[in-house]
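Visitor: Sending over a structure as structure tokens; questions will come in a sec.
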Amino acid sequence: MNISTTHDFSLEALRAGDRAEFARLVDAFSAPIYRLGLKMLGNTQDAEDILQNTFLNALTHLSDFEGRSSVSTWLYRIAANEALMLIRKRKSNINIEDMQPEDSDDVPLPETFVDWSILPEKELLTNESKSAIETAVKKLPDSLRMVFILRDVEDLSIKETAEILNLTEVNVKTRLLRARMALREQLSSYYAERTRRKETQ
Amino acid sequence: MTDLTHQNCQALLGSLSEYIDGELPPELCKEIEKHLEGCDNCRIVLNTTRRTIDLVQIPSEENPLPDEVRERLFKRLNLDDYLHARE
Ligand SMILES: [Zn+2]
């Protein structure tokens, strides 16, 4: 699904205060923005706050938006900032430092070599494994998770992800690789463990 | 048994993402494929990484937005009039 190419919005109408056009925009981007909030914050209340704040913010700043980026990039940027702000707020409340070296260029070496990729989808996607996948995504450092969500969940390009997060494309690629490898490692140990469990039953 | 600290394995890991996304030039792809033929571990890492991406994408194909969340959003934005206009 690539929203930015399937929907065209009239910037002129939006800036002139055309409410029908704005409603169309809201409907086109609500689902991905809500999902981004859910995956970043992990709960529906925060996801709904991010969703509402994103569009309130968009309404307020529509007149400053010059159309140098696409409407999609602009909205995702607002949403990503809302999400990161809320994460920072939540963290300062419980007062823990995120000590993960998020910007290191090192990609950790793979450790688990079990080829679970050949298992049928039905077995890979039991309710138990779905929640293992969710947990694995939640465990990613925030900055890696954000890149991973935009690129692999929302299917945006490297270039658009870089524009949204104000990063270089090289930086996005590095974070994406690290996120994918970290998830692969976690899922590999999960499926390896599950296979062992089945065999001993 | 291959050792992933091997130079070729490390190089492959570094371009794994771009290889999966089809963003590498054909010559480089050929080199990678040649390495993959003889390296079980790298092949496993590639296959499971691809599958990992697939699996994370699958649940997101469903529309995650509950109707009542959409309704509250439209009210908050004073767009009540357009609540039923969903395309
Ligand atoms: Zn190798």
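Visitor: In this structure, is B:Leu65 within 16 Å of the ligand (Cβ to nearest atom) and closer than 25 Å to A:Ala179 by Cβ? Give the steps one after another, and end with the answer.
Guide: Numbers: within 16 Å of the ligand (Cβ to nearest atom): no; closer than 25 Å to A:Ala179 by Cβ: yes.
No, not satisfied.
Visitor: Here's something else I'd like to know. List every residue pair whose Cβ atoms sit under 6 Å apart, with the two residues 6 or more apart in sequence or on different chains, where the first one lies in the range B:33-52 and is within 16 Å of A:Glu185 (Cα to Cα) and the second, anywhere, is near the ligand (Cβ under 8 Å from one of its atoms).
Guide: Here the result reads B:Asn41/B:Thr2; B:Asn41/B:Leu4; B:Cys42/B:Cys9; B:Cys42/B:Leu12; B:Cys42/B:Leu36; B:Arg43/B:Leu36, each pair linking the range B:33-52 to a residue that is near the ligand (Cβ under 8 Å from one of its atoms).
Visitor: Could you please let me know if B:Val45 is farther than 20 Å from A:Leu38 by Cα and facing chain A (nearest Cβ under 8 Å)?
Guide: Details: farther than 20 Å from A:Leu38 by Cα: yes; facing chain A (nearest Cβ under 8 Å): yes.
Here the answer is yes, as B:Val45 does meet what is asked.
Visitor: Looking only at residues in the range A:139-159 that are in contact (Cβ under 8 Å) with a residue 60 or more places away in the chain and surrounded by fewer than 22 Cβ atoms within 10 Å (Cβ to Cβ), which one is farthest from A:Pro32 (Cα to Cα)? Break it down into steps so the answer makes sense when it comes.
Guide: First, the residues of the range A:139-159 that are in contact (Cβ under 8 Å) with a residue 60 or more places away in the chain: A:142, A:145-146, A:149-150, A:153-156.
With surrounded by fewer than 22 Cβ atoms within 10 Å (Cβ to Cβ) added as a condition, the list becomes A:142, A:153, A:155.
Working: A:Asp142: 18, A:Val153: 9, A:Asp155: 10 Å.
Filtering first and then ranking leaves A:Asp142.
Visitor: Looking at (1) within 17 Å of the chain's Cα centre (by Cα); (2) at pLDDT 95 or above, can you tell me which one A:Asn43 breaks?
Guide: Among (1) within 17 Å of the chain's Cα centre (by Cα); (2) at pLDDT 95 or above, the lone unmet condition for A:Asn43 is (2).
Rundown of residues vs (1) assigned by TED's automatic domain parsing to the domain that holds A:Leu75; (2) more than 16 Å from B:Thr52 (Cα to Cα); (3) open to solvent by less than 30 Å² (accessible area, probe 1.4 Å), yes/no style:
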| site | (1), (2), (3) |
| --- | --- |
| A:Leu119 | no, no, no |
| A:Val137 | no, no, yes |
| A:Leu165 | no, yes, no |
| A:Val172 | no, yes, yes |
| A:Met181 | no, no, yes |
| A:Ser189 | no, no, no |
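Visitor: Condition test on B:Glu71, is it out of contact with any helix residue (DSSP H, G or I) (no Cβ under 7 Å at 6 or more places or on another chain), at pLDDT 95 or above and more than 9 Å from chain A (Cβ to nearest Cβ)?
Guide: yes
Visitor: Search the range B:5-30 for residues being out of contact with any Leu (no Cβ under 9 Å at 6 or more places or on another chain) and assigned to a helix (DSSP H, G or I), and hand back the single one that is farthest from the ligand (Cβ to nearest atom).
Guide: B:Pro26
Visitor: Just checking, how many residues over the range A:14-60 are without any contact (Cβ under 8 Å) to a residue 12 or more places away in the chain and open to solvent by 40 Å² or more (accessible area, probe 1.4 Å)?
Guide: Here is the first cut: in the range A:14-60, the ones without any contact (Cβ under 8 Å) to a residue 12 or more places away in the chain are A:16-20, A:23, A:27, A:31, A:38, A:43-45, A:52, A:56, A:60.
Imposing the further condition that a residue be open to solvent by 40 Å² or more (accessible area, probe 1.4 Å) reduces the set to A:16-20, A:27, A:38, A:43-45, A:56, A:60.
Count: 12.
Visitor: Looking at the range A:175-201, which of its residues are more than 19 Å from A:Thr161 (Cβ to Cβ) and basic (Lys, Arg)? It would help to see each step written out before you state the result.
Guide: As a first pass, look at the range A:175-201 and keep what is more than 19 Å from A:Thr161 (Cβ to Cβ): A:184-201.
Matches in the range A:175-201: A:Arg184, A:Arg194, A:Arg196, A:Arg197, A:Lys198.
The values are calculated or read from the model by the stated rules, or taken from the named source; none is laboratory data. For clarity, every value in this text was computed on a predicted model and none was experimentally measured. Note that each Cβ is placed from the backbone with ideal geometry, even for glycine, and that neighbours are counted across all protein chains shown. Remember, those area values only see protein heavy atoms, side chains included, never the ligands or the DNA or RNA. Shrake-Rupley method; radii C 1.70, N 1.55, O 1.52, S 1.80 Å.
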